[in-house]
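The structure appears right after this line, and notes come after that.
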């Protein structure tokens, strides 16, 4: 643990991360790779919470214009449960004890979210995967990650993305895009940088939870983030 910068972390994975190059559905080879990296953290004594998005299956805003927004958002919440169960299965197949906790009760497949129980699981070395968002429409899984991180008293949010940090503009479209090594919460909010949505960023700012944005596609990056290597972009005070 002396080599680790953080003791308890919240890992935020996008749904697209689980889809690999397919762009849709679940690539189980990718899930296995991510699970192997999470296992390394557990073996180092790190307590790991995780939130998985659902962009590989359904986004609430996909229903805009043709569907009631609240209904569409609830569909997105249920899609996060599919991803959470897939990640759980992948982790347990390599010997990592896990619990899935959901904001919408579905007792046959997961526990309801109970803060004290979640913290006890973490203390016992179990990975806790938080699913079904906050249980409320109009809130993203970014906000879920920020909220759950505050509730379990996480030291940092590890925001795993397909880009290697935060840029002043889209690096895939602009060759002159500049990457930031460090940013303040205020920078993110005032400049409208696409780190997290404004609700999530404000929640992190109010509770002083740093956000480390890094590329998930690079094997070993999760461990590098934990050990304090200079990767990605750190958002803090």
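Cβ-Cβ distance of residue 123 and residue 4, R₀ of 22 Å, FRET efficiency by 1/(1 + (r/R0)^6): the value works out to about 0.85.
Length gained on full extension, residue 207 to residue 191, computed as 0.36 nm times the residue gap minus the Cα-Cα distance: 3.7 nm.
Working ranking of peptides 226-234, 183-191 by packing, defined as the average number of other Cβ atoms within 10 Å per residue, highest first, is 226-234, 183-191. By the count of neighbouring beta-carbon atoms within 10 Å, fewest first, 107, 97 end up ordered 107, 97. Among 148, 116, the ranking by other beta carbons within 10 Å of each residue's beta carbon, starting with the fewest, stands as 116, 148. Stretching residue 224 away from residue 116 to a fully extended chain increases their span by 36.0 nm, per 0.36 nm per residue minus the current alpha-carbon distance. Estimated purely from DSSP H runs of n ≥ 4, each contributing -39500 (n - 2.57), the mean residue ellipticity at 222 nm for the chain is -11000 deg cm²/dmol once divided by its residues.
Taking 8 Å as the Cα distance limit and 6 or more residues as the minimum spacing, I'd like the relative contact order of segment 8-236 as a percentage. Write out the running numbers ahead of the final one.
Details: 462 pairs, mean separation 47.1, N = 229.
Answer for segment 8-236 is 21 percent.
Can you tell which of 192, 20, 125 shows the greatest fluctuation in a Gaussian network model of the chain with Cα springs below 10 Å? Comparing 192, 20, 125 in a Gaussian network model of the chain, the most mobile one is 192. Sorted ascending by nearby beta carbons within 10 Å, beginning with the fewest, 4, 204, 81 become 4, 81, 204.
A Gaussian network model of the chain, with springs between Cα atoms under 10 Å, assigns the largest mean-square fluctuation among 45, 95, 25 to 95.
All of the numbers you see were taken from the coordinates with simple rules; none came from a lab. These numbers come from a predicted model, not from an experiment. Cβ sites come from the backbone with ideal geometry, for glycine too, and all protein chains shown count toward neighbours.
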